[in-house]
1. Given the C-alpha centroids of region 389-454 and region 60-100, what is the distance between them in whole angstrom?
2. Could you give the length gained on full extension between Ala590 and Asn242, defined as 0.36 nm per residue of separation minus the Cα-Cα distance, in nm?
3. For Asp503 and Gln198 in the same chain, what is the full-extension length gain: residue separation times 0.36 nm, less their Cα-Cα distance, in nm?
4. Positive end of the charge dipole of the chain (Lys, Arg +1 and Asp, Glu -1 on Cβ, about the Cα centre): tell me which of Pro359, Leu386, Tyr155 has its Cα farthest that way.
5. Which number comes out as Rg/Rh for region 432-512 once both Rg and the Kirkwood Rh are worked out on C-alpha atoms?
6. Largest first, please: the extent of the C-alpha atoms of region 5-66 along each principal axis, to the nearest Å.
7. How long are the semi-axes of the equivalent ellipsoid of the chain, defined as square roots of 5 times the Cα gyration tensor eigenvalues? Whole Å, largest first.
8. Give, rounded to the nearest 20 debye, the magnitude of the charge dipole that the chain has about its Cα centre when Lys and Arg contribute +1 at Cβ and Asp and Glu contribute -1 at Cβ.
Amino acid sequence: MTNTVFEKNAVVRGLCPHDCPDTCALLTTVENGRAVKVQGNPDHKHTQGVLCTKVSRYTERTYSPERLMFPLKRSGPKGSGQFVRVTWEEAIADIAAKLKVVAADQAEAILPYSYAGTMGWVQGEAMASRFFHKLGASLLDRTICASAGGEGLVYTLGGKFGMQTEFFSESNLIVIWGSNSISSNVHFWRRAQEAKRQGAKLICIDPRHSETAEKCHVHLPIKPGTDAALALAIMRELVVNNWLDADYIEQYTLGWDALRERAMTWTLERAAEVCGIEAEQIRALAKDWGTTPKAAIRLNYGMQRVKGGANAVRAIACLPALTGAWRDRAGGLLLSSSSNFKVNKQDLHRPDLLGARRPRMLNMSTIGNDLNNPGNATWGPQVKALLVYNSNPLAVAPQSSMVAKGFAREDLFTVVMEHFQTDTADYADYVLPATTQMEHWDVQGSYGHTDVLLNRPAIEPVGEAKSNSEIFRLLAKAMGFNEPCFSEDDLSLCRTAVGSEIDFEALLAHGFVALNVPDAPFAQGAFPTPSGRCEFVSERLAAQGLDPLPNHIPNYEVPAAGDRYPLAMISPPARNFLNSTFVNVESLRAIEKEPLVEISLIDAAARGISTGDTVKVFNDRGEYHCKADVSVRARPGVVNGLGIWWRKMGLNGTNVNEVTSQLLTDLGRAPVFYDCQVEVALLQKA
């Protein structure tokens, strides 16, 4: 581990590691060896000294009395949360011994499970990847958040590229599509407000009348999973009214004739019926998009969590090319900027440690099914050992009753590295205390801007906590892995991650370095696709036997009158939580109070439900109990199950993912959290 010298009194530069596009630069004030304040770095142009409510409470989280301080070994039934304290030496030795037994039979019976509890390149998948590659364990397909949308961009724009966030402040029209930016992208929202003050029009497209929708000039509350239909109808209006940039289309796109033919089938009336809004609203949106210079779309990942999520992103990503919006730096689209970062994965993850072995890959979004699979010759061996870090699958994975059933297997050996005793930690055989961002080195890019940031540890680890990378070093040593790469310290791993393209000395000096990227990346085409054009038609998709054009793909679960489950449900995050992170921070939980489902006045009245009543939300997969909020935030026919509460904090020991499914998206093998039919019934009046 890096021999870090901790100053008793200092202001230490760092970064926020959480799953958010803003990736803020932090300043942590340390007094007498204790962190007393976390604030945004005013010198970082994207942070500008401002943090969200969640991260501004980071000292409360780090010093929480609920913080895991020591290694723990299970002493009661799985799920009971009963543990005894053990030493690190005992825990590491026993874990390694059990992994050796499993690996000696079939190493693929061992599975890592992780995601974006930290998005850091070092504490995420650096030493961990080396460990699992050397072991020959099953690989994990990390799909739970963004892979459908990412695939949509790859097949259209050539990668996860887009506008620079700061130039939204110069836009004349901003379409916020599938995003509650006020809570999930606060620094973009500040840019949007700058543009609004200068006369820009803001339009929000979201099934929910979110906090962001309230502040926009127009809100289009479309039904979940109908985004592609809306985009195709916009295209038709662009054609009919000649709101096209014919020169841009001719020079820089591929397949317009075929896309135009498909779009012409999407009349305003057809799209209005599918989307559940008025035809005139679509006409007005198309006119705004087609006639406003410097028009921009801020797309986010909520809208791709449905069966046709990737196709929806493809369709929306075509719109800027049709009007030539990419010509100006204040026009175009942004979903993710992450393809700009050239992480040195070969040296960081060391896939060469696999040798000639090619382990299977299991999808994290179907962990409920996979843990209950007994194994066979085709699928491979039953999962017998599971190492969880940077994730809380009992709370966040779909169809959580199946996830809990799998974790409850007595023959499954489970290790969880965590800050707190989460739902998942309750099912572990060993719980290992991990460091928070204040206590370790890391380096990271962003999916909302194009700066690389460095995190310096501000304080010594609390209790006996160790960084993820140090835990995997200890495990590697106990397993007998003697390659030099397992001795590389965290600061060196940071250097390895960024490679030669980033001035690491500048990172050390300032805490962040901006990538050299063009202001308007596609002003003259140069899309990183095989054709070098924006690909309306993708030959790569055609070669896979798939539709080469974007299309509207209806949801798996589309409620209709008379259905047993007549309501659609989406499950956006509660404003003061970030996935399942921060749920146990007392001050933030006090703001959210309790699990809620937002329901429209019409739907509530039909069920005798009032605000504050206890209700159950249910379908064939299960049920969860929560309080009702009869609210204008919910459109008729759609309920909003705000997440993601830990199961143990739910009214009946479950959460919203009790009713979501393990079905997957059209591309990207991603979950369909917002493609879900339910019913809501009254349990108890307030």
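The values are calculated or read from the model by the stated rules, or taken from the named source; none is laboratory data. Here the structure is a predicted model, which is why all the values come from computation and not from measurement. No Cβ is skipped: glycine too gets one built from the backbone with ideal geometry, and neighbour counts run over all protein chains shown. Quick note on the areas: whole protein, heavy atoms, side chains included, nothing else; ligands and nucleic acids left out. Shrake-Rupley method; radii C 1.70, N 1.55, O 1.52, S 1.80 Å.
1. 14
2. Numbers: separation 348, 0.36 × 348 = 125.28 nm, distance 5.30 nm.
Gain in length upon complete extension: 120.0 nm.
3. Values: separation 305, 0.36 × 305 = 109.80 nm, distance 3.68 nm.
Going from the current span to full extension adds 106.1 nm.
4. Of the candidates, Leu386 comes out farthest on the positive side.
5. On the way: Rg = 14.1 Å, Rh = 14.0 Å.
The Rg/Rh ratio comes out at 1.01.
6. Sorted largest first, the three principal extents are 31, 28, 17 Å.
7. With the √(5λ) rule applied to the chain, the semi-axes are 39, 30, 25 Å.
8. Once rounded to the nearest 20, the dipole reads 540 debye.
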